[in-house]
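Accompanying notes for the structure given below.
The values are calculated or read from the model by the stated rules, or taken from the named source; none is laboratory data. Treat the numbers as computed from the prediction; the structure is a model and nothing was measured. When we count neighbours, we look across all protein chains shown, and the Cβ atoms used for this are built from the backbone with ideal geometry, even at glycine.
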Amino acid sequence: MYMKQFVTSAALLAGLISGLLAQTDKQKFMTPNQKSPPMQTSVTINGKEIWISYHAPSVRGRKIFGGADALQPDDSIWRAGADQATFLHTDVDLDINGLTVPAGEYTLFVALDKGKWDLIVNKQTGQWGIKRGGSANLDESKNVGKTAMTMSKPSAPVEQLKIMLASTGGNKGKLQIEWENVAASVPFTAK
């Protein structure tokens, strides 16, 4: 009798410890950078946490989007921040504007197409955001997929990149990216 209780207790404790160890430490993404400080955004929907870690560069007088002379030219893939690739953690399966994203960890990129953006969700994590040549460090074979974002303009220019997660009621939420003179958002549903 005691042996059965001991084995059951040990199994429960092992499961609890492995669950705690499986959670990614948000602080590992908070590498210091004065010009592009680490930032996080999170939302809890139906008791499940969704969070994003990214580095937030500033405009600093540069042209960021829109044209061949921009920091992020049209028809390019952007790492959605600076330094490390932007990291998404979700404790719940998501439907991001029709794209099914199972609970887990991902990197986020944005395909910039002359004012029309697509959010790219990729299974590879932990990589630096760009390669030595300046292109996005994206292994397309590991893409979960991409989905269209709704484009708009912020009410005033946004000096420092902002990525925001917000609940919109019930099991629904919104991911929004704002920088320079551009805002892009995409709805999601926690399943």
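At a glance:
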{"read-out": "Meets criteria (closer than 22 Å to residue 53 by Cβ, at pLDDT 95 or above and surrounded by fewer than 17 Cβ atoms within 10 Å (Cβ to Cβ)) for residue 118", "value": "no"}
{"read-out": "Strands (runs of 3 or more DSSP E) contained entirely in segment 130-191, each with at least 3 residues that are aliphatic (A, V, I, L, M) and either in contact with a strand residue (DSSP E or B) (Cβ under 8 Å, 6 or more places away or on another chain) or at pLDDT 95 or above (or both)", "value": "158-169, 182-190"}
{"read-out": "Residues of segment 57-70 satisfying the condition of being buried (at least 17 other Cβ atoms within 10 Å of the Cβ) and more than 17 Å from residue 149 (Cα to Cα)", "value": "57, 58, 64"}
{"read-out": "Qualifying positions in segment 87-119 - part of a loop (DSSP other than H, G, I, E, B) and on the phi > 0 side of the Ramachandran plot", "value": "97, 98, 114, 115"}
